[in-house]
């Protein structure tokens, strides 16, 4: 008899990657070194809460196109922008500024409030810079990047293409499977809330390019999440690309974003040029 899918095992990336603590420590060391070596505006407030801030990394050869808004992961309950500053390094070589966002976390706030934070961040960044935005994020941040790509900006009296493109790395686009996992002890989602917070179930964004990337060594569920988004959005008239990075797990999958010729960097460069 076929056994039910073990969703806790599928979504527990720390258990799947025993060296995760060393990887996160490396992120923090690289991020701290990068912030000390470049010009950036740190802790710019987009709201009143101490976590409603972002760091904006400028470039010496600014191309004047979209700004990349990067949103970190941590299952909406941990980590901060200071772990990821170094991921702006690759794009800086191409003259693309990067804003690294922080947001309030569960269980202090709800998932709906975190999505509101992401929207508020994007609105503030656009109004401050006058630029369109390419939304990018890892894991939980990939979910929020897709939310920004699928948002109805015209309904907020903003340009329809305020977010002109997006790229999710190991994102979560349908939150319903998380209800039965340990993760939901922090998220507190019921079926209705999970549906409301799932960009896969929102109206398909028309006229916006989105790419769903994932590590080839990730769980079947994480690969399915990205493949499902690509299939559903493409099928509904918004061609969405799906990519697997060979040899990458859930944590190493974002390494190429810090490299000037890395696969993720070049994908974002292409999105910026096409915008």
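The values are calculated or read from the model by the stated rules, or taken from the named source; none is laboratory data. Because the structure is a prediction, the values reported are computed rather than measured. All Cβ positions, glycine included, derive from the backbone under ideal geometry; neighbour counts span all protein chains shown.
Here are a few things to note about the model shown:
- Yes/no for residue 20 being in contact with a helix residue (DSSP H, G or I) (Cβ under 7 Å, 6 or more places away or on another chain) and within 14 Å of residue 258 (Cα to Cα): no
- Count - residues of region 72-86 that are surrounded by 21 or more Cβ atoms within 10 Å (Cβ to Cβ), under 12 Å from residue 55 (Cβ atoms) and touching a strand residue (DSSP E or B) at 6+ places or on another chain (Cβ under 9 Å): 4
- Look at region 118-132: where a residue is outside any helix (DSSP H, G or I) and a partner is surrounded by 17 or more Cβ atoms within 10 Å (Cβ to Cβ) and at pLDDT 95 or above, sitting 6+ places away or on another chain with Cβ atoms under 6 Å, you get 131/66; 131/67; 132/66; 132/164.
- Residue tally, condition more than 14 Å from residue 254 (Cα to Cα) and not in a helix (DSSP H, G or I), over region 66-101: 19
- Any pair with Cβ under 6 angstrom, 6 or more apart, that starts in region 59-80 at a residue that is closer than 16 Å to residue 95 by Cβ and ends at one that is assigned to a loop (DSSP other than H, G, I, E, B) and at pLDDT below 95: 66/275
- Whether a residue is crowded, with 18+ Cβ neighbours inside 10 Å, part of a loop (DSSP other than H, G, I, E, B) and either at negative phi or in contact with a helix residue (DSSP H, G or I) (Cβ under 9 Å, 6 or more places away or on another chain) (or both) was assessed, and residue 137 does not pass this test.
- Criterion (closer than 24 Å to residue 83 by Cα, touching a residue at least 12 places away in the same chain (Cβ under 8 Å) and out of contact with any strand residue (DSSP E or B) (no Cβ under 6 Å at 6 or more places or on another chain)) met by exactly one of 105, 162: 105
- Unmet requirement for residue 268, which otherwise passes all of (1) closer than 24 Å to residue 21 by Cβ; (2) in contact (Cβ under 8 Å) with a residue 12 or more places away in the chain; (3) crowded, with 19+ Cβ neighbours inside 10 Å: (1)
Conditions (1) out of contact with any strand residue (DSSP E or B) (no Cβ under 8 Å at 6 or more places or on another chain); (2) at pLDDT 95 or above; (3) within 19 Å of residue 88 (Cα to Cα), marked per residue:
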| position | (1), (2), (3) |
| --- | --- |
| 116 | yes, yes, no |
| 120 | yes, yes, no |
| 126 | no, yes, yes |
| 138 | no, yes, yes |
| 150 | yes, yes, no |
| 153 | no, yes, no |
| 177 | yes, yes, no |
| 186 | yes, yes, no |
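- Restricting region 210-231 to residues that are part of a helix (DSSP H, G or I) and out of contact with any strand residue (DSSP E or B) (no Cβ under 7 Å at 6 or more places or on another chain) leaves a set whose member that is surrounded by the fewest Cβ atoms within 10 Å (Cβ to Cβ) is 220.
- Among the conditions (1) surrounded by fewer than 23 Cβ atoms within 10 Å (Cβ to Cβ); (2) part of a loop (DSSP other than H, G, I, E, B); (3) in contact with a helix residue (DSSP H, G or I) (Cβ under 9 Å, 6 or more places away or on another chain), residue 108 misses just one, which is (3).
- Scanning region 239-251 for residues that are out of contact with any strand residue (DSSP E or B) (no Cβ under 7 Å at 6 or more places or on another chain) and surrounded by 16 or more Cβ atoms within 10 Å (Cβ to Cβ) turns up just one, 251.
- Residues in region 142-155 include none that are surrounded by fewer than 21 Cβ atoms within 10 Å (Cβ to Cβ), in a helix (DSSP H, G or I) and in contact with a helix residue (DSSP H, G or I) (Cβ under 8 Å, 6 or more places away or on another chain).
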